[in-house]
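Q: Handing you a structure now.
The values are calculated or read from the model by the stated rules, or taken from the named source; none is laboratory data. Because the structure is predicted, anything quoted here is derived from the model rather than measured. FYI the Cβ positions are ideal-geometry reconstructions off the backbone, even for glycines, and counts take in every protein chain you see. Just the protein is used for accessible areas: all its heavy atoms, side chains included, with ligands, DNA and RNA removed. Shrake-Rupley method; radii C 1.70, N 1.55, O 1.52, S 1.80 Å.
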Amino acid sequence: MARATKDYERIRATAFPLPLGFVVLPLVLHPPTLAVLPGRANTTFATWSADNEALLAEWPERTLRLRPISREALLFLAQHRALTVEAEGCGPARSP
């Protein structure tokens, strides 16, 4: 999740929206989905999802089931200063 926020900010030049933190784990912890995720960020999610509709059919349910774990992961990363949570969203930890 920390890597997702860092890469998002690097590519988009904006903070990672907090709600997106709840969809990262359901994507990367599901082995069939992880196996077909693009290795690079040059594929749009819309294109990827159109090619993988069957895998995404259960994504909302996985997202809800993993919500407590995602919340704990966000809190853990924030408490250990691996992630910052600010009004505009999440971001990688900043050096003092």
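Q: Pick out, from ASN52, ALA87, PRO68, the residue whose Cα sits farthest towards the positive end of the charge dipole of the chain, with +1 on the Cβ of Lys and Arg and -1 on the Cβ of Asp and Glu.
A: ALA87
Q: Something else: Describe numerically, in nm with one decimal, the distance between label points set 7 Å from Cα along Cα→Cβ at GLU61 and at TRP48.
A: It works out to 2.2 nm between the two label points.
Q: Compute the acute angle (0 to 90°) between the alpha-carbon long axis of helix 2-12 and the principal axis of greatest extent of the alpha-carbon atoms of the chain; round to the nearest 10°.
A: Between helix and principal axis, roughly 90 degrees.
Q: Can you bin the chain into rounded, prolate or oblate? Criterion: square roots of the alpha carbon gyration tensor eigenvalues sorted a ≥ b ≥ c, rounded for a/c under 1.5, prolate for a/b above b/c, oblate for the rest.
A: oblate
Q: Compute, for the chain, the length of the dipole vector about the Cα centre, with Cβ point charges of +1 (Lys, Arg) and -1 (Asp, Glu) only. Units Debye, rounded to 20.
A: It works out to roughly 340 debye.
Q: Here is a further query. When the accessible area of the chain is computed with all protein chains present and a 1.4 Å probe, what percentage of it is carbon and sulfur?
A: 59 percent
Q: Accessible area per residue, 1.4 Å probe, Å², for the chain: what's the number?
A: The answer is 69 Å² per residue.
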